[in-house]
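Report on the structure given below.
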Amino acid sequence: MKLAAYYWERIKRQRPAMFGLGFIIFLIILATLGTYFTKSPTKVNFDEKNLPPPGYTVEHSMYSAQNESFITTLQEGTWEHPLGTDSMGRDMLAQLVSGARVSLLVGLLATGIAIIIGAVIGVTSAYFGGAMDDILMRTTDVMMTFPFLLLLILIVYLFGASLTLIILAIGLTGWTGTARLVRSETLSLRTREFIMASKALGAGDLRIIFRHLLPNTLSSIIVLATLSIPGAILAEAVLSFIGLGDPTVASWGNILNAGQGSLETAWWVAVEPGVMLFLTVLSFNFLGDGLREAFDPKGE
Amino acid sequence: MENSAVLSVDHLQTCFFTKKGKVMAVDDVSFDLLKGEILCIVGESGSGKTVTALSILRLIDHPGRITGGKIMFGKKNLLELTIRELQDIRGNRISMIFQDPHSSLNPVFTTGDQISEAITAHRSVSRKEADARAIELLELVGIPIPEERFHEYPHQFSGGMKQRATIAMALACAPDILIADEPTTALDLTIQAQMLDLFSELRKKFNMSIIYITHDLGVVSEIADHVAVMYAGRIMEKGCRDDILKNPKHPYTKGLIDCLPSEKGKPASIPGTIPNLINPPEGCIFHPRCRFAMEICRLRRPMPSKTNNEHYVSCFLYGDI
Amino acid sequence: MRSYIAKRLLHTALISWGVMTTAFILMRIGPNSPADKYLAGLGAGHNVTQVVAAIESRYGVDKPLYEQYFSYITSLLQGDWGWSFGTSMPVMELIKTHWIYSFQLILLSTIFAVVLGIALGIFAAVRKNTAADHAVAFFSFAGISIPNFWLGIMLILIFSVKLGWFKTYYDTSLPMFSLENLHALVLPVFTLGTGMVAGYSRYVRSAMLDNLGKDFVRTARAKGLPESIVIRKHVFRNAMLPVITIIMLDMGSIVFGGAYITEVIFGIPGLGWMSLKAVFADDYAVVLAVTLIGAIITLLFNLLADIAYMYLDPRIRYE
C-alpha cells in the first residue's frame, strides 16, 4: 500500500495524466449511471430528425406533394435534445452515453483478455525456453505479422458481428505486445538472485511464476495495458465505422458511420462521437504515459 | 616574460540548480596558469575539479551555471564573450580532452573526419589540406600507419589509441592551453605511463600550457610544475609541486599524501566522506573531517594565506586570522 | 551479413506461410464460408444444388480441405495467386492495377510525415522545456490520439463540405500525378500523415535529447564548432539511426493499417479499398492473397529496417 501511495504521489504531479484520469472517471460514471438519466438511444422519431444542438439552426428542404415544390423550413435545436438528433430522430446524447458504455466495455475486456493471454504465453515461453519458446515466439511472430485490421475484419465478417465476438476478436489478436514484453522481462529476471534462491529452496515452477516473476513485471504490464486500451477502443470503432459493428447497440463507431453519410445535413452526428472517441483515446494515452513516468526508476 | 600568466581564474563560482537545491560545485576558485607550465588540479572525485575545467570553456550543461568570477585569457574575460567569440577560442586557443575516450568520439564519423573538422572550424583551408594535417597530427601523437587509421571509425581503435586521437584533435590548431580532464583514468596502467610522456613531449613541442586534472598524486609528482588541491568545490592549497608534495601544509593535503601506499606500511585514509554540497558545513568546508579542527573552523571560512613563495593555503592553522 | 540476411529471408518465408495458413483455415471454418455464400447467391432461384455442385467442382471447393490447401500452395509456388470470383480476373491482375494507388498515398504521406516530423522533433529538442516544446508535445499527443478515420471525416466536413476547397474524388482515368488527383490527395495525405508526424516528432525529439547529452557532443563543442553544426552533424546523424528504423517499420505496417481506412474514406482505389470490397463480396482468393502480401510487405520492411540500421551504424557495419 505504501508503494501505491508513493506512485500516486508521483502521478499526481503530472497534469496530463491527471486530466486523463479525470476524464476516464467521468466516462465510467457516464457509462454506468448515465443511462438512467437519458432517453432511449434507440427510440426512432422521424418528426424530430436531424435536429441540431440548441443554439444552431439548419435549413431543411422537403418536397411537398401538396404544393408540388420544395419547402424550406428552418429548424432550431431544443434543450429537449441537448446534443441534437440523428437522421432517424434518435437522441444523440443518449447514443453517446450508450457508446461510452460500449467503448469502455470493449477497451477493458478486450485488453484484459489480451493481457492474460500475452502474460501466460510470455512467461511460459521465457521460463521453459527451448522448443516451447521457439514455437510460442514463432506463433507470436505470425500473429504480429498478420495485417491486424484485415484479420479483425475477416473474423467479424465470417463469424458474425456481435459485441461479444468483437471483444473476443480484439482480445485474441492483441496479445502479441504483452507476450514479447513479459517474455523479455522474465528472461532478465530469471537469472536474478532471488529467483535462483527460491529455486534452490525447492519452489515449484508455478509458485515461482506467480509469486516472483509476474509481480515483478506488473508495472510494465500496467503501463502496456493502459496504452493498449485506446487501441482496442479504436479497433471496435473502426469495425463499426466500416459497417461491421454490432447493429443492436449504439457505439461511437456506428454513429460515425451514420454521420459520415449526413455530413451535409447534420454535421453534429459525425462530430460528436468523434470528439468523445478522441478525448477517450487521449486520456488513456496521457494516463499511460504518466504511469510510465511514475514507474520509471530513473525519474526524479 | 617567462612567468606571465596565460590564464587566470579569479573567484570562479559554478552552481548546479537541481530539484533538491542549489549545489555549489565550484566555490571561489582562483588560480593562475603560467606560460608553458603544467598545472595539476588534484582532488577526490566530486571535488569540483572537472566542473572547474568545464567552466573555463563554458561547457557547463543545464542545470549548471557559472554564477560568479572572472576567467581572464590574455585581455579577454572568457565569461563575458559572446558565444561566437567563445567558439573562436574553443579548440583553437584553448583545447580540452576528456576522461573517457570511448564516449568522447562520435561513433558514426571516422576518426580522421573528426580531427579534420577541428581544423576546418578555425582555419580556412581546403578539405584536402585539413586531412593531410590530421594525418600528420595522428603520427605526432604516436598512432602507427596514420594514413589508414585516418579512415577508420572510433570503435576500431583501442582505448589508448582513441585517447591519442582525441589529443590529436585537441592539438589541431596548436592551442595555447590544453585542458586534460583525467585523460588516463580510463586507460590501462602501462598506457598511462606512455601518455604522461606524450604530454611532457607535446608541451615542449607546442610550447603550450597544460591544466592537468587528476586524482592521482603519482601523476602529479611526475608531470606537474604547480599543483592546486581541491576539496568540495574549493581550493585548499596551491603551490609548486615540491612544496605541495614534500611540505604539505593543509591537513587535507597531508591526508591525501598519507593515503598513498608507501614503504612504511599500510596507507592511512581520511575519515569521513565529502560533505553534501546542497547544505555544506559552515566555516571551513573540511572541518568535519579535520583532525586539527578548532572552534574558529566551524564559524569562519579561511582565506588563502601565503606561507612562503607562491605557496598558498586556506587553513586557520597558518597565517593571520 | 549475407548469412544473416539468408536466415532472415527463411524466417520471412516461414512466418508468411504461417499467416497464409491461418487465413486459409479461418476462411474455411467460418460459419459463413465465403465460397458457399457466393455460390448460394449465384444460384438463387432455380436448381441451386446443381449449380453449386457444378461451380464447386469448377473451382475445386468440393474437395476435402487438405487437398484444396495443397493445391493452393502448389499453384502459389507456380506464381498463380488464384482467381477472383467477384471481378472475374486473376487475383494478380487485380493487385497489379490497385497497388500503385496505395503506394502513391503512402509515399506522399511518408514524405510529408518525415519532413514535418523531423523538423518538429528537432525544434522541440533544441527548445527543451520551453513553451514551444510543450506545444509540440501537446500536438504529438493529440495527433497520436486522434482517430484517423474521424480526422478524415472532419477534414472532408470542413474543407470539402463547408469551405469547398478540396474535392475528394480520386479520378483513376487521369494520370496519377495529375494536378486534379494530387489536389484530391491533399486531405488523404493529411489524414494519414498527421498521426505519423505526431509519432515521428516524439521519436526524433527523444533521440535528439538522448544524443545531446552524449560526451561526443561536448567534444564537438569543445572543438569550437558552431552550435548549428553540432546539432546538424553530430546530434542529428546519431539521432537518425533509430528514427530511420522506425520509419521503415511504419511503412511496412501502414499498408493495411492507416492507409487501409484512409483509402476507404476517400475512395482511393488502393489495396485497402480493394480488399475491403473483396471481403464484402466474399471474394476469398483476393482476401487470402492480400493478407499474404500484407504479411510479406511487413516482414520485408522489418528486414530492410535492420539492414538500413546495419548500414548506417559503422559499429555494426564493420563487424
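The values are calculated or read from the model by the stated rules, or taken from the named source; none is laboratory data. The shown structure was predicted, so the numbers you read here are calculated from the model rather than taken from an experiment. As a convention, Cβ positions derive from the backbone with ideal geometry for all residues, glycine included, and neighbour counts pool all protein chains shown.
With respect to C:N129, determine if the residue is at pLDDT below 90 and out of contact with any Asp or Glu (no Cβ under 6 Å at 6 or more places or on another chain).
yes
Which of the following residues is of a type outside the set (G, A, S) and either within 12 Å of another protein chain (Cβ to nearest Cβ) or farther than 27 Å from B:A228 by Cβ (or both): B:L78, B:L39, B:L140?
Values: B:L78 fails: either within 12 Å of another protein chain (Cβ to nearest Cβ) or farther than 27 Å from B:A228 by Cβ (or both); B:L39 fails: either within 12 Å of another protein chain (Cβ to nearest Cβ) or farther than 27 Å from B:A228 by Cβ (or both).
Exactly one of B:L78, B:L39, B:L140 is of a type outside the set (G, A, S) and either within 12 Å of another protein chain (Cβ to nearest Cβ) or farther than 27 Å from B:A228 by Cβ (or both), namely B:L140.
From the residues in the stretch B:42-71 that are charged (D, E, K, R) and part of a loop (DSSP other than H, G, I, E, B), which one is farthest from the other protein chains (Cβ to nearest Cβ)?
In this case the residue turns out to be B:E44.
For the subset of the stretch C:152-192 comprising residues that are within 14 Å of chain A (Cβ to nearest Cβ) and small (G, A, S), which member is nearest to the chain's Cα centre (by Cα)?
That would be C:G152.
Does at least one position in the stretch A:155-166 carry a residue that is under 25 Å from A:S220 (Cβ atoms), crowded, with 20+ Cβ neighbours inside 10 Å and either within 14 Å of chain C (Cβ to nearest Cβ) or acidic (D, E) (or both)?
no
All but one of (1) surrounded by fewer than 23 Cβ atoms within 10 Å (Cβ to Cβ); (2) under 29 Å from B:L277 (Cα atoms) hold for B:M236; state the number of the condition that does not hold.
Only one criterion in (1) surrounded by fewer than 23 Cβ atoms within 10 Å (Cβ to Cβ); (2) under 29 Å from B:L277 (Cα atoms) is unmet by B:M236, namely (1).
Kindly check whether there is at least one residue in the stretch B:254-262 that is among the hydroxyl-bearing types (S, T, Y) and at pLDDT 85 or above.
No, the stretch B:254-262 has no match at all.
Between A:A126, A:A119, which is over 24 Å from C:S253 (Cβ atoms), crowded, with 22+ Cβ neighbours inside 10 Å and either within 14 Å of chain C (Cβ to nearest Cβ) or not polar (S, T, N, Q) (or both)?
Just one listed residue meets the conditions, A:A126.
Looking only at the stretch B:106-115, decide whether some residue is over 21 Å from B:N207 (Cα atoms), of a type in the set (D, E) and in the same structural domain as B:G160 (by TED's automatic domain parsing).
yes
Which count do you get for residues in the stretch B:28-47 that are buried (at least 23 other Cβ atoms within 10 Å of the Cβ) and at pLDDT below 90?
2
State yes or no: is C:V235 surrounded by 20 or more Cβ atoms within 10 Å (Cβ to Cβ), β-branched (V, I, T), more than 14 Å from every other protein chain (Cβ to nearest Cβ) and in a helix (DSSP H, G or I)?
Spelling it out, it is not the case that C:V235 is surrounded by 20 or more Cβ atoms within 10 Å (Cβ to Cβ), β-branched (V, I, T), more than 14 Å from every other protein chain (Cβ to nearest Cβ) and in a helix (DSSP H, G or I).
For C:F301, indicate whether it is of a type in the set (F, W, Y), more than 9 Å from every other protein chain (Cβ to nearest Cβ) and under 22 Å from the mean Cα position of the chain (by Cα).
For C:F301, the condition - of a type in the set (F, W, Y), more than 9 Å from every other protein chain (Cβ to nearest Cβ) and under 22 Å from the mean Cα position of the chain (by Cα) - is met.
Residue by residue, here is whether (1) in a helix (DSSP H, G or I); (2) facing another protein chain (nearest Cβ under 9 Å); (3) crowded, with 20+ Cβ neighbours inside 10 Å holds:
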{"position": "C:L107", "(1), (2), (3)": "yes, no, no"}
{"position": "C:F112", "(1), (2), (3)": "yes, no, no"}
{"position": "C:L120", "(1), (2), (3)": "yes, no, yes"}
{"position": "C:F123", "(1), (2), (3)": "yes, no, no"}
{"position": "C:W150", "(1), (2), (3)": "yes, yes, yes"}
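In the stretch B:146-157, which residue that is part of a helix (DSSP H, G or I) and more than 14 Å from chain C (Cβ to nearest Cβ) is farthest from B:S200 (Cα to Cα)? Full working, then the answer.
Going through the stretch B:146-157, the residues part of a helix (DSSP H, G or I) turn out to be B:146-149, B:154-156.
Cutting the leftovers down to more than 14 Å from chain C (Cβ to nearest Cβ) gives us B:146-147.
Details: B:P146: 22, B:E147: 25 Å.
Applying the filter and picking the extreme gives B:E147.
Here is a list: C:L209, C:L225, C:L241. Which entry is of a type outside the set (D, E, K, R), at the interface with chain B (Cβ under 8 Å from one of its Cβ atoms), out of contact with any strand residue (DSSP E or B) (no Cβ under 6 Å at 6 or more places or on another chain) and in contact (Cβ under 8 Å) with a residue 60 or more places away in the chain?
Going through C:L209, C:L225, C:L241 in turn, just one is of a type outside the set (D, E, K, R), at the interface with chain B (Cβ under 8 Å from one of its Cβ atoms), out of contact with any strand residue (DSSP E or B) (no Cβ under 6 Å at 6 or more places or on another chain) and in contact (Cβ under 8 Å) with a residue 60 or more places away in the chain: C:L241.
Go through the residues of the stretch B:158-177 one by one and say whether even a single one is within 11 Å of chain C (Cβ to nearest Cβ), closer than 16 Å to C:V230 by Cβ and either touching a residue at least 12 places away in the same chain (Cβ under 8 Å) or surrounded by 20 or more Cβ atoms within 10 Å (Cβ to Cβ) (or both).
Yes: one or more hits.
Mind checking which residues of the stretch C:290-319 are over 30 Å from C:W150 (Cβ atoms), in contact (Cβ under 8 Å) with a residue 60 or more places away in the chain and not charged (D, E, K, R)? Explain how you work it out, then say what you get.
Of the stretch C:290-319, the ones over 30 Å from C:W150 (Cβ atoms) are C:292, C:296, C:299-300, C:303-304, C:306-319.
With the extra rule that they be in contact (Cβ under 8 Å) with a residue 60 or more places away in the chain, the set shrinks to C:292, C:296, C:299-300, C:303, C:306-310, C:312-313.
Within the stretch C:290-319, C:L292, C:I296, C:L299, C:L300, C:L303, C:I307, C:A308, C:Y309, C:M310, C:L312 meet the criteria.
Considering the stretch B:39-64 alone, what residues qualify as being closer than 16 Å to B:H215 by Cβ and within 11 Å of the chain's Cα centre (by Cα)?
Across the stretch B:39-64, the qualifying residues are B:L39, B:C40, B:I41, B:V42, B:G43, B:G48, B:K49, B:T50, B:V51, B:T52, B:A53.
Taking the stretch C:199-209, which residues are under 18 Å from the mean Cα position of the chain (by Cα) and surrounded by fewer than 24 Cβ atoms within 10 Å (Cβ to Cβ)?
Residues of the stretch C:199-209 under 18 Å from the mean Cα position of the chain (by Cα): C:199-200.
C:G199, the sole residue that qualifies.
Looking at the stretch B:188-217, which of its residues are modelled with pLDDT under 90, outside any helix (DSSP H, G or I) and surrounded by 15 or more Cβ atoms within 10 Å (Cβ to Cβ)?
Within the stretch B:188-217, B:H215, B:D216 meet the criteria.
Have a look at C:A285, C:A308 and point out the one that is of a type outside the set (D, E, K, R), in a helix (DSSP H, G or I), more than 8 Å from every other protein chain (Cβ to nearest Cβ) and under 20 Å from A:L158 (Cβ atoms).
C:A285
Only residues that are more than 8 Å from chain C (Cβ to nearest Cβ) and in contact (Cβ under 8 Å) with a residue 40 or more places away in the chain: list them for the stretch B:84-96, please.
Selection gives B:R93, B:I94.
Looking for something under 28 Å from C:L26 (Cα atoms), surrounded by 18 or more Cβ atoms within 10 Å (Cβ to Cβ), modelled with pLDDT under 90 and in contact with a strand residue (DSSP E or B) (Cβ under 9 Å, 6 or more places away or on another chain) - is there at least one such residue anywhere in the stretch C:258-279?
There is at least one residue in the stretch C:258-279 that is under 28 Å from C:L26 (Cα atoms), surrounded by 18 or more Cβ atoms within 10 Å (Cβ to Cβ), modelled with pLDDT under 90 and in contact with a strand residue (DSSP E or B) (Cβ under 9 Å, 6 or more places away or on another chain).
Condition check ((1) hydrophobic (A, V, I, L, M, F, W, C); (2) closer than 18 Å to B:I60 by Cβ) across all residues:
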position	(1), (2)
C:Y203	no, no
C:M208	yes, no
C:E227	no, yes
C:K233	no, no
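Within the stretch B:97-137, take every residue that is among the aliphatic types (A, V, I, L, M), assigned to a helix (DSSP H, G or I) and facing another protein chain (nearest Cβ under 10 Å) and give me the one that is nearest to C:A220 (Cα to Cα).
B:A118
Check off (1) more than 14 Å from chain C (Cβ to nearest Cβ); (2) in contact with a strand residue (DSSP E or B) (Cβ under 9 Å, 6 or more places away or on another chain) for A:L21 and give me the number that stays unchecked.
The failed condition is (2).
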